[in-house]
Amino acid sequence: MLSTEPRARVEGLETLLNFGPGWLAAPLAQLLDPDAFDAPSARVLSNAELAALGNHPDRWIQEAAGAAAHGLGDGMKELIALKQVPLFSTLTLEQLSSIDRLMVTRHYAKGESIFIKGDVGTELFVVLDGEIRIHVDHEGREVTLARLGPSSVVGEMSVFDDQPRSAGAQASANTTVRVLRRDRLQALVHEHPEVLLEFVRNLSQRIRTMNEQLEAGTAGMAETHGTQEAASSPVLPS
């Protein structure tokens, strides 16, 4: 992107937009936001260069050039936000655009319930801003299981089955989310079957991670139990 050759910069931008992994989303935002440039390490594209990019045959290059010239629009900001979500990080912007068109934006005030345990879940939530607290009731008291901030996904299992929610969710701060309904996901998968594969891969990874955590927790409990037994066992005379 810092090349002095215009064609190299065009190719770099095209690669960034279409094939870049999730961690490139922040540099993309920097590229498209002139106020975010660090003068010693990068420079703003000239008007002539932006005009050339605006005529590029690739639609994403055109949109990026327009954003660089006129500022980030809400649409591009939402696509960048989706790119930062691990569940969507390997998808191209074409696929992300298909997802984005099917999502709606909701705002929750601090303390507002998003869903409760036992609800039949039909929606997936992507946190854009704020924080969601996941909680359950245990022996008469409320237990917080997790706090999920920007780029987190909540309730993704519900878009694949009709099972009740296993926990409740509450906005622990003023929160903005993008919402994807199950029926719209089905339409998306029909249009882009590869999206389903990415869902399966990410869900498989989550299950593997949970299994590892359970194994580690079980081993820790067994070690603690063994230590307590040893401490409480009488010392037999020799």
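Odds and ends about this structure:
- 19 Å reach of a label modelled at Ala109, 7 Å along Cα-to-Cβ, counting backbone N of the range 129-173: 129-133, 169-173
- When you filter the trypsin sites (Lys or Arg not before Pro) in the range 71-160 for DSSP loop state and at most 12 other Cβ atoms inside 10 Å of their Cβ, you are left with Lys110.
- The calculated FRET efficiency for Arg208 paired with Val136, based on their beta-carbon distance and R0 = 30 Å, is about 0.85.
- Heavy-atom surface analysis with a 1.4 Å probe gives the range 68-214 a carbon and sulfur content of 51 percent of its accessible area.
- Where labels lie 7 Å past Cα in the beta-carbon direction, separation of Leu196 and His56 in nm: 3.3
- Unit Cα scatterers, Debye sum, the range 69-183: log10 I(q)/I(0) for q = 0.09, 0.10 Å⁻¹: -0.25, -0.31
The values are calculated or read from the model by the stated rules, or taken from the named source; none is laboratory data. Small disclaimer: the values here were computed from a predicted structure and weren't measured. FYI the Cβ positions are ideal-geometry reconstructions off the backbone, even for glycines, and counts take in every protein chain you see. Side chains are part of the model used for accessible areas, which takes the heavy atoms of the whole protein and leaves out ligands, DNA and RNA. Shrake-Rupley method; radii C 1.70, N 1.55, O 1.52, S 1.80 Å.
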